[in-house]
Amino acid sequence: MKLNLRRLLIISTLCLGTMVASDSYAALTAKVDRTVLDSNETLRAELRYDGQVFTGEPDFGPLIKDFEVLSNNRQQNYSNVNGKTESYTAWTLELRPKRAGILLIPSLTFKKEVSNAIELRVRAAPSNSSANPGTQPIYTETTVDANTPYVGQQVILTHRLYTSVQLRDFALSELAIDKAVLHRLGDTQYQKVINGRNYLVLEVKYAIFPQSEGPLIIPSLRFGAYEVNNRSQFGVFNNRGNQIVRDTEPKSLEVTARPPQASVDGWMPSTSVTMEQRWSGDIDSVTVGEPVTRTITIRAEGLSAAQITPLQEPQGNNYRGYPDQPQLDEIVTTNGLTATRIESLALVPNNSGEITLPAVELIWWDTNSNKRRVASLPSITLQVSPSENADVAANDNNVMQGTNDAMTTLASDASKPKVSFMTNLSLALNALLMTLIVTLLIGRKRKALAARSQQAALSSDSARLNLKQQLRAIESEAKDDNLMAMREAILRWGKTLFAENPPSTLKSLGDLLGNPSISQLFAQLDQQLYQHNGVPATTLDVTLLLASLKKESNFSRESASKSKSGKALQSLYPD
C-alpha cells in the first residue's frame, strides 16, 4: 500500500509540473487574413493563446482607436494525434478601419503574454462609387424622388447595394427618422451589367411622409454580408469569408409648408386622385320612403388613407341622408402607397318629384405639376315616384269617406216615411258591415304606428351604441398618439351627434356644439397637424379634449339627432 501511494504522489507531481511548465511556455500570437484593404472593407483578425481558457479574454481596448470591432467569437481546440498534443483558445474578430493610411494592430496582452503587432495599409475608398459605376466590386447608391417635399407628401427613398462578388447572409440596419412616418415598401434583387461587369443589385425602398416643415435628415444605413469562401485559414469553426460592410449615403431634405392657394379644409399632396360612384339600385325608379344607397370611392396615389379629406354630405329638404362608417384601405407597392376611402350614404326621399344632388368636389394638390386640382362627380337628378303605401292610405281615406256617406244615407233614409221592413234590415246590415271594415282599418293603422315606434326605439339604441363606440375609437387613437386618425374619429363622432346637420370640419363641429372651449381645442388640433408658415403650434391638451367630448356626448340638445317619433334620445352619460 505504501508503494502504491508513493507512485501516485510521484505521478501527480509530474503531471502538475508538466502543466506548470506548459503554462509557462504559453504563447499569444496574432494574424490577419490580409494586410492591404480599402477603408470601406473589413478584415478578419485572430488572436491565439496556446492553452485552454475557460474564463476571461484579452484586453481589446487598444483596437478601438483605429478600428471598429464588428464581432468577437471565441473557440477552443484540443487534439492528440500520434502522441502530439495541441491545445489552444482563439478569438476571431471582424474589424473595420476607421480611416485610411498605415494602421497598426497593436500588441495585446493576456495572462502576462504579449502578442505580435501587425501593420496594415488601408487605401481610401472612392467617396462616390455610384458616380463611376462599374469601377468598384461592391458599392452602394441612395436616391430620393423629391428633395423639397411638402408637409405630408410622400418621398420615395431607395437604397441599392451593387456587388460583383458572391455574397451571402445579407443584412440592413433599421431606418428611423424623427418627425416622419415610415413605410417599408419592399426588397427586390435583380442582375445588372455596368461597364461590362455583371452586378447583383439588392434594392430596398421606403415611403417617407414628413410631418413638419424644415430640414429632415435621412441617416445612413449599413449593408452587411459575408463573402462566400469555402477555404478559411481560421479552421472549420469560421468557414465564412470576409464580412463586407457598406454604409449608404445620408440625405438631407428641406420640407416646405403647404402653399397658400391650397385647400383650407383638407390638404392632399398626391400624384393622382380619382373618384367614382355607384348606386345600390336603379336610380331611374326611385320611390318615396324607399332608401337608395350612393357609394363614392376615392383613390389617391402617394397618400395614406387617413390623409384623404372626408366628403361633405349633401343637404336637402325633400330627402333624408343616413351616412355609413367610411371604409379606409391602403395598398403598399414598390411605387409607394395607394389609399382608398369609401363613403356610403343612404338617401330616403320624402316627396315625389325631382331630387337634384349637387356635384361632389374634392380639392387636392398635384405634386407633379405643383398645382391645385379638383376631383369631381357631376350633379345628378333623381325622379321620385309616389309609394304604394301612399295609394293605400288614399284608398283608406276613400273607404272612410264612403262609410261616412253610407251612414249619413242610412240616417236620412231611416227618417223617411213609408219604408218597408226588408229595406230597413238591408240598410242596417250594410251599416254593420261598413262599421266592421272601418274597425279593421283603424286597427291596422294602430299596429303600423306601434311598429314605427318600436323601430324608432331601436334606432335610438343603435345611435347611442354607435356614439359610444366612436368615443372609444377617439380614446384609442389618442392613446396611440395618432392625431390624424383621432381627428377623423372626432368628425365621425360629430356626424353621429348631429345627423340632421352633419359637420364636415372641426370648425363647423365646434360651431354646432356651441362650446368655445372645444372650438379652441379643435383649432389647436388642426394647428398641431398642419403648422402654417412656421407658426409654432400650441401643445394640445388631449386629456381635456377627451373629457369635453365625453361631456358633450348626449342627445338632449335640440340640434341633436332625433328619432322618427320626434322624441330626443337619452343621454349617453347621464348625470
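The values are calculated or read from the model by the stated rules, or taken from the named source; none is laboratory data. Worth saying up front: this structure is predicted, and the values here are computed from it rather than measured. Quick reminder, even Gly has a Cβ in these numbers, built from the backbone with ideal geometry, and neighbours come from all protein chains shown.
The set of residues in segment 97-112 that are surrounded by 17 or more Cβ atoms within 10 Å (Cβ to Cβ) and either at pLDDT below 85 or assigned to a strand (DSSP E or B) (or both) comprises 97, 103, 105, 110.
Do you know which residues across segment 463-505 are among the acidic types (Asp, Glu) and assigned to a helix (DSSP H, G or I)? Reasoning before the result, please.
Of the residues in segment 463-505, the ones among the acidic types (Asp, Glu) are 475, 477, 480-481, 488, 500.
Listed by number, the residues that qualify are 475, 477, 488.
In segment 40-92, of all residues being closer than 16 Å to residue 119 by Cα, among the aliphatic types (A, V, I, L, M) and part of a strand (DSSP E or B), the one that is farthest from the chain's Cα centre (by Cα) corresponds to 47. Taking the criterion of being assigned to a strand (DSSP E or B) and within 11 Å of residue 341 (Cα to Cα), the residues of segment 292-312 that qualify are 295, 296, 297, 298, 299, 300.
Answer yes or no as to whether residue 254 is closer than 30 Å to residue 140 by Cβ, of a type in the set (Asp, Glu) and buried (at least 17 other Cβ atoms within 10 Å of the Cβ). Judged against the criteria, residue 254 is not a match.
Quick one: in segment 183-220, which of the residues that are part of a strand (DSSP E or B) and of a type in the set (Gly, Ala, Ser) is farthest from residue 142 (Cα to Cα)? Outline the logic, then answer.
The first filter runs over segment 183-220 and keeps only residues part of a strand (DSSP E or B), leaving 183-194, 197-210, 214-218.
Then drop every residue that is not of a type in the set (Gly, Ala, Ser), which leaves 186, 207, 214.
Details: 186: 15, 207: 14, 214: 21 Å.
Selected residue: 214.
So residue 190 ticks every box in (1) touching a residue at least 60 places away in the same chain (Cβ under 8 Å); (2) under 19 Å from residue 227 (Cα atoms) but one. Which box is left unticked? The failed condition is (1). From the residues in segment 311-320 that are out of contact with any Gly (no Cβ under 8 Å at 6 or more places or on another chain) and surrounded by 14 or more Cβ atoms within 10 Å (Cβ to Cβ), which one is modelled with the highest pLDDT? So, considering only residues that are out of contact with any Gly (no Cβ under 8 Å at 6 or more places or on another chain) and surrounded by 14 or more Cβ atoms within 10 Å (Cβ to Cβ), the one modelled with the highest pLDDT is 311. Across segment 52-62, the qualifying residues are those that are in contact with a strand residue (DSSP E or B) (Cβ under 6 Å, 6 or more places away or on another chain) and buried (at least 16 other Cβ atoms within 10 Å of the Cβ), and the one among them that is nearest to residue 96 (Cα to Cα) is 58.
For segment 30-39, the set of residues classified as among the hydroxyl-bearing types (Ser, Thr, Tyr) and outside any loop (DSSP other than H, G, I, E, B) is empty. Among the residues making up segment 292-324, those that are more than 20 Å from residue 379 (Cβ to Cβ) and not hydroxyl-bearing (Ser, Thr, Tyr) are 299, 300, 301, 302, 303, 305, 306, 307, 308, 324.
Taking residue 161, is it modelled with pLDDT under 95, farther than 30 Å from residue 212 by Cβ, assigned to a strand (DSSP E or B) and in contact with an Asp or Glu (Cβ under 6 Å, 6 or more places away or on another chain)?
Working: modelled with pLDDT under 95: yes; farther than 30 Å from residue 212 by Cβ: yes; assigned to a strand (DSSP E or B): yes; in contact with an Asp or Glu (Cβ under 6 Å, 6 or more places away or on another chain): no.
In short, no.
Taken as a whole, the structure leaves residue 298 outside the set of residues that are modelled with pLDDT of 95 or more and assigned by TED's automatic domain parsing to the domain that holds residue 160. Screening segment 174-229 for residues that are among the charged types (D, E, K, R) and farther than 23 Å from residue 135 by Cβ and picking the one that is surrounded by the most Cβ atoms within 10 Å (Cβ to Cβ) gives 205.
Of a type in the set (Lys, Arg), loosely packed, with under 15 Cβ neighbours inside 10 Å, part of a helix (DSSP H, G or I) and at pLDDT 85 or above - does that describe any residue in segment 547-554? Checked segment 547-554: no residue is of a type in the set (Lys, Arg), loosely packed, with under 15 Cβ neighbours inside 10 Å, part of a helix (DSSP H, G or I) and at pLDDT 85 or above.
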